[in-house]
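Taking it in order: structure first as structure tokens, then the write-up.
The values are calculated or read from the model by the stated rules, or taken from the named source; none is laboratory data. Please read these numbers as outputs of a predicted model, since none were measured by experiment. Note that each Cβ is placed from the backbone with ideal geometry, even for glycine, and that neighbours are counted across all protein chains shown. The protein model used for the area step is the full one, side chains on, heavy atoms only, and it has no ligands, DNA or RNA in it. Shrake-Rupley method; radii C 1.70, N 1.55, O 1.52, S 1.80 Å.
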Amino acid sequence: MTHTINANTSDTGTTLSVEVPTADAMRALGIRIGSMLQGGDVLLLSGPLGAGKTTLAQGIGAGLHADEPVVSPTFTIARELHGRFADGTPATLIHVDAYRLGGNAYAPGQDSVDRLLDELESIGLDEELDNPSDNTVILMEWGEQMAAALADERLDIHIGRPLPAAPHTDRGAESATPELTSDGIRTVELIPVGKPWQRRIDAIADLR
């Protein structure tokens, strides 16, 4: 499966931007990422509705040889699947939906990060996210709101969804409110945070 890949290097390391033309290509990218995961990894997956987050997550699960298909976690905050890493050792994938975490009912003086940590603790995920065990991988959708509350070593994945051309009015002028479309190339940004992911990002860049 062919992808168009651009790599940008800055003081914070290398960021990959991958153009993904089809759902099959999105799944293939997920498989590549999943096949190089290690125990303790945290992945934060973000993007608008319909961008392809679940398709990418399905590929990641396939790359980890998960025993069940990854499904959208809309109705379950966290779901646990079992598979194996590339070296054959057992792997546990915890697939988390953070969309409904961190509501507006803050206690006096409580900030959003504290609220999120409290909610994670209430469902038993706070310690797992802060210090994943040797055979556990955390994959969190809508995870950008959690970045400040997590460990400082992770892979941030953002999927951009294309905007269509703005519709024209009767006078020929373009409307200022185009809507997202389910068609078109997705742009997946892979942002490694911490040295472990910096070392692995080149292997992802080598996909063709």
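Any idea which of S122, S133, S72, S112 is more than 30 Å from T22 (Cβ to Cβ), at pLDDT 70 or above and of a type in the set (S, T, Y)? Walk me through it before giving the result.
Details: S122 fails: at pLDDT 70 or above; S72 fails: more than 30 Å from T22 (Cβ to Cβ); S112 fails: at pLDDT 70 or above.
The conditions single out S133.
Output the number of residues of segment 35-76 satisfying the condition of being within 12 Å of the chain's Cα centre (by Cα) and closer than 21 Å to G160 by Cβ.
16
Looking at segment 154-193, which of its residues are modelled with pLDDT of 85 or more and part of a loop (DSSP other than H, G, I, E, B)? Working first, answer last.
Going through segment 154-193, the residues modelled with pLDDT of 85 or more turn out to be 154-160, 185-193.
Matches in segment 154-193: I185 only.
Taking the condition open to solvent by 70 Å² or more (accessible area, probe 1.4 Å) and outside any helix (DSSP H, G or I), does D67 pass? Write out each step before concluding.
Values: open to solvent by 70 Å² or more (accessible area, probe 1.4 Å): yes; outside any helix (DSSP H, G or I): yes.
Here the answer is yes, as D67 does meet what is asked.
Just to be sure, is S10 modelled with pLDDT under 85 and not hydrophobic (A, V, I, L, M, F, W, C)? Give the derivation first.
Values: modelled with pLDDT under 85: yes; not hydrophobic (A, V, I, L, M, F, W, C): yes.
Spelling it out, S10 is indeed modelled with pLDDT under 85 and not hydrophobic (A, V, I, L, M, F, W, C).
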